[in-house]
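Here's the structure, in structure tokens; my notes come after.
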Amino acid sequence: QVQLVESGGGLVQAGGSLRLACAASLRILRISAMGWYRQAPGKQRELVARITSGGRTNYGDSVNGRFTISRDSAKNTIDLQMNSLKPEDTDVYYCGATLSGRDYWGQGTQVTVSS
């Protein structure tokens, strides 16, 4: 199993930037895929950005071109650089990992974008 700890959320004005980080408890290259997801109250969790162990990335339509996912295999972390933030990006952001067919989640970090 793997433990995930997110950091970097907060309050920012529209048009601003934030960077989220997720630290994994084991070598991330052993993990099939890691990513960032977000969920608003009463809504389903949706994909923000994902990176596979092979380095392939994919993004949710609403963030494509504004957000960038990256990883540091030496530190066992993945980051999410969020630029041109919009009020509709306000959500709790979760780090997720798929390992041996199971999904694991961090505790979530709040991102609030004011208009």
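The values are calculated or read from the model by the stated rules, or taken from the named source; none is laboratory data. These numbers were taken from a predicted model, which means no experiment stands behind them. Every residue, glycine among them, receives a Cβ derived from its backbone with ideal geometry; neighbour counts consider all protein chains shown. Quick note on the areas: whole protein, heavy atoms, side chains included, nothing else; ligands and nucleic acids left out. Shrake-Rupley method; radii C 1.70, N 1.55, O 1.52, S 1.80 Å.
Among the residues of region 32-61, those that are within 22 Å of residue 9 (Cβ to Cβ) and β-branched (Val, Ile, Thr) comprise 48, 51, 57.
If you go through region 2-44 and pick out every residue that is among the basic types (Lys, Arg), open to solvent by 50 Å² or more (accessible area, probe 1.4 Å) and under 17 Å from residue 80 (Cα atoms), you end up with 1. Summed over region 80-95, the residues that are crowded, with 20+ Cβ neighbours inside 10 Å and under 13 Å from the mean Cα position of the chain (by Cα) give a count of 7. Residues that are in a strand (DSSP E or B), in contact with a strand residue (DSSP E or B) (Cβ under 6 Å, 6 or more places away or on another chain) and open to solvent by less than 70 Å² (accessible area, probe 1.4 Å) within region 51-74 comprise 51, 52, 57, 58, 59, 67, 69, 70, listed in sequence order. Of the residues 26, 47, 20, the single one that is in a loop (DSSP other than H, G, I, E, B) and under 14 Å from residue 96 (Cα atoms) is 26.
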